[in-house]
1. Somewhere in segment B:251-266, is a residue surrounded by 15 or more Cβ atoms within 10 Å (Cβ to Cβ) and within 23 Å of the chain's Cα centre (by Cα)?
2. What are the pairs with Cβ atoms under 6 angstrom where one residue, in segment B:121-133, is at pLDDT 95 or above and the other, located anywhere, is of a type in the set (Phe, Trp, Tyr) and assigned to a helix (DSSP H, G or I)? Sequence gap at least six, or different chains.
3. So which of B:243, B:281 is surrounded by fewer than 17 Cβ atoms within 10 Å (Cβ to Cβ) and touching a residue at least 40 places away in the same chain (Cβ under 8 Å)?
4. Which residues, counting only those in segment A:62-90, are open to solvent by less than 30 Å² (accessible area, probe 1.4 Å) and touching a helix residue (DSSP H, G or I) at 6+ places or on another chain (Cβ under 8 Å)?
5. State all residues of segment A:409-434 that are more than 25 Å from residue A:267 (Cα to Cα) and part of a loop (DSSP other than H, G, I, E, B); if no residue qualifies, say none.
6. Condition first: assigned to a strand (DSSP E or B) and within 26 Å of residue B:486 (Cβ to Cβ). Now tell me which residues in segment B:185-211 satisfy that.
7. Determine which single condition residue B:74 fails, assuming it passes every other condition in (1) within 14 Å of chain A (Cβ to nearest Cβ); (2) of a type outside the set (A, V, I, L, M, F, W, C); (3) over 27 Å from residue B:237 (Cα atoms).
8. Go through A:299, A:314 for me and flag whichever is open to solvent by 10 Å² or more (accessible area, probe 1.4 Å) and farther than 20 Å from residue A:384 by Cβ.
2 protein chains.
Amino acid sequence: MKIALAQLNYHIGNFEQNTQKIIEHIGLAKSKGADLVVFAELAICGYPPRDFLEFEDFVALCEKAAQEIAVHCTDIACVVGLPIKNEVLAGKDLYNAAYFIENGKVKAVVRKALLPTYDVFDEYRYFEPNTKFECIGFKGKKIALTICEDLWNINDNPLYVSCPMDELIKESPDLMLNIAASPFNYRHDEDRIQILADNAKKYQLPLFYVNQVGAQTEIIFDGGSLVFDETGTVKAEMKYFEQDLQVFDLEEIQNVKNKYPQPERASDIMQIHDALVMGIQDYFWKSGFKKAVLGLSGGIDSAVVCALACRALGPENVMAVLMPSKYSSDHSVKDALDLVNNIGCKHEIIEIKQAADAFDSMLAKPFAGLPFNLTEENIQARCRGIVLMAMSNKFGYVLLNTSNKSECAVGYGTLYGDMCGAIGVIGDVYKTQIFELARYINKDGEIIPENTIVKPPSAELRPDQKDSDSLPDYGILDQILFQHIEMQKGSQAIIAQGFDEALVKRILKMVNLAEFKRYQTPPILRVSPKAFGMGRRMPIVGKYMD
Amino acid sequence: MKIALAQLNYHIGNFEQNTQKIIEHIGLAKSKGADLVVFAELAICGYPPRDFLEFEDFVALCEKAAQEIAVHCTDIACVVGLPIKNEVLAGKDLYNAAYFIENGKVKAVVRKALLPTYDVFDEYRYFEPNTKFECIGFKGKKIALTICEDLWNINDNPLYVSCPMDELIKESPDLMLNIAASPFNYRHDEDRIQILADNAKKYQLPLFYVNQVGAQTEIIFDGGSLVFDETGTVKAEMKYFEQDLQVFDLEEIQNVKNKYPQPERASDIMQIHDALVMGIQDYFWKSGFKKAVLGLSGGIDSAVVCALACRALGPENVMAVLMPSKYSSDHSVKDALDLVNNIGCKHEIIEIKQAADAFDSMLAKPFAGLPFNLTEENIQARCRGIVLMAMSNKFGYVLLNTSNKSECAVGYGTLYGDMCGAIGVIGDVYKTQIFELARYINKDGEIIPENTIVKPPSAELRPDQKDSDSLPDYGILDQILFQHIEMQKGSQAIIAQGFDEALVKRILKMVNLAEFKRYQTPPILRVSPKAFGMGRRMPIVGKYMD
């Protein structure tokens, strides 16, 4: 039996395009001699459809698309994911399901049992968990078809009290198929391979796994669909961050070594780089925009975002705006211009002094006698925000936000100032990782000027300001933040690791107090196991760690 | 048996204060002769604790507080809600639980079975559903104790496949207790009474129900704890939007008519008014602030917010900033000043022309030859945002956002301009309801100037602008929005109700396109069954209804 895995980039709710893409790839799989072509979880509507699922006509459009797809399943069978109605009155209204389509008709329906409801996942918000399991007969083989999380309950501290494959194995299937929408983070590819290999080993079955690829606003799918033999050995690994369709022969998977090519494991930073480029690209094409604008300060964060945007959209579609203030150093403008010259994007220089002075003058009466402080720093940052949004509004540019994860975490940024933007490109990348990313971007020659990388970080909002005036060394800060955010450790547990008590408490308090700012931050491209945004839901008015 | 219901205002994660409050009310209940005092769901940590629950020490602090409370439960028993660990390896790590405490010790533990995971609720994100049920023996009576949603599976289209009371009733209990954290919306009090009455009737048992009161950022609890006899008749109804403790005699509830006072049903607008005042108050005290600032345009939205803020915080703590532009009408400043005089709050007048002109001049080169458009309108709105944030930063005022639900819905507002603020006061109140709210505020004499109420709404960002230039009549707009947002109807279903097809499609498209703006909007006090914010989770880059 020849099985095609179709790893495609869907667009949420774009039924016309998703359906057309699926039908095209049914044709492609057929032309390559496949008996069966497998598409991802919720392929028909894209993942995650979120509260679109609460609209009846959205679910009806999914069913309509499936019927349109079914017509094309002649001489080839197809597995495709979609939400379907729960016909039983009690319980949630929908199932997260897969259709097995053969001879133009839906031959079997599989429903997802384990519904991820943690981090960025909300599946129990919409779906009833399945409790009935049955294999699918096809060409003399029994297929155990499951959906994504259904195979993830295999570790030592299982999240669910049941395990779908423990039921399906009772029918002695010949192979496992799993369709997924498994979002990327730079640690996830190895976890994924391990969990799937454990399943192949435990059930002694070959396993075919197909993932989505592409970004849906902040959630990025990396692809990397996989095939295992019954010993848990990876027999094939599909492309990362690209669409891909490959056809595998079941007998060869079981019997032939090194038949199918596998990519090399990429470094964390390389994965983050590719994920962010895809994240930008998909945000733009899926929302119908082509051109980006960003503020270019001469610092490393905006330089990295500028470079990523140029790779994603082409330098001709990127407008960098330099907005020096009276506190900007000479090297800032030079460093920014060096980048622009290296990279070939468009630029404007707009000094903000005039606007900042206007606000000083307008506020002279209420502020009479009060010293320059954070207020005036914020005014400058917000003047830049207005300039960037004006460029965005006038020319249809999408504003890219350039805040990094370290400053998002501790609130070292100005709301409605440098926190403006439609999408946060590096808001899930710690400052220490930004330096690595800059070096990676420069690996084939200088793009980001050396001086931008080596000079001490500064917001340049008052004379001789340095980040280190307000923040601990990024090397220490990022370690503590990682323990708190990614590892979800409280202060006592972090202090027990040997970090300074006062520093840990100060940092955690800053993180907590910045919730109100982060609530209003743009969506952030997610590349880590715990990003700010929909995967981290904290009270704003809460006292814990305050 | 005498049962005290303690309806209290908790602060999420403020263990010290919550514990002290609970202990005080144990003493108060004891002094009033109660045998048992009942506190709400998750009373110890406040509801909803959200991802604080993922920190082990947060859960440990809950247990520690419970042990401290237990010490005070002598000569009185107590029911109190808290999260507890799931000691079984498989499944989620926590239960949403209640301790039944007697003689200083935890005598029984009840776990919640039905976990709301819809709208603003995320309980299955954290908690394992309970599957074992047992009544609690106390003073010769058998108590069927359940937690909030456990009693809500009683309607014709049940959300869950099981029903906890169907299990507990097998032990023939004498009464039902239900502890809740049931958020307010202006339609919820009647639903709540109906559902609880249906339970009392179905199981033929008296029912004691205690709710939380107070606002947790956007989620508002209205209190209104209830007692029913076994026929489903309401025997007592506690205060709304206030803390309350009342003691009820079980025998009298069953046998004596009209023993306990019940409030009159309040109108929707009166409830919304009281909820918003409490929402402002609690945001301030729980986050440690006292003073508010807002922009006062002379229009009805900011006037209503100003009046609500003065009621919540006292006029001496409210700073209204008038920021006329060259497009502001004469009556705008007069109307705003009339309000300030009526209400007695502080005010400043800061003209924005100077800053707007500065931006025009700074952008003259890139904008050369291009006409005045939305860009320049937005610049004005954003200049106002900067002024308000500067006042906030300099003086420690919290900025109140004054956007209404109609404009939030269709994106008729400027991101980083009039969409600034720490908390959205009326973002869940449609424009047509704002007029009712203004009339209600004026019921005992003019506070909001008549001209503010009767003049045609305008953003005053270009000459002679009216809202009606860009938007349909609010009477029609709000009806269509209500069908789409609250009733979750798609375009076809709304058109089928008789609304104009082109208009419906235009409005739904506006709603969808505004997702990216709403993502960055402040948290909005929730008063409707479907508010923007955590209860409505839409894709940003999605194509459905585009």
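1. Yes; the residues of segment B:251-266 include at least one that is surrounded by 15 or more Cβ atoms within 10 Å (Cβ to Cβ) and within 23 Å of the chain's Cα centre (by Cα).
2. B:124/A:124
3. The unique qualifying residue is B:243.
4. A:62, A:65, A:69, A:73, A:76, A:78, A:80, A:82, A:83, A:84
5. Matches in segment A:409-434: A:411, A:412, A:413, A:414, A:415, A:416, A:417, A:418, A:419, A:420, A:421, A:422.
6. B:209, the sole residue that qualifies.
7. Among (1) within 14 Å of chain A (Cβ to nearest Cβ); (2) of a type outside the set (A, V, I, L, M, F, W, C); (3) over 27 Å from residue B:237 (Cα atoms), the lone unmet condition for residue B:74 is (1).
8. None of the other options fit; the residue is A:314.
The values are calculated or read from the model by the stated rules, or taken from the named source; none is laboratory data. In this text the structure is predicted, and so the values were computed from the model without any measurement. Quick reminder, even Gly has a Cβ in these numbers, built from the backbone with ideal geometry, and neighbours come from all protein chains shown. All accessible areas refer to the heavy atoms of the entire protein, side chains included, with ligands and DNA or RNA removed. Shrake-Rupley method; radii C 1.70, N 1.55, O 1.52, S 1.80 Å.
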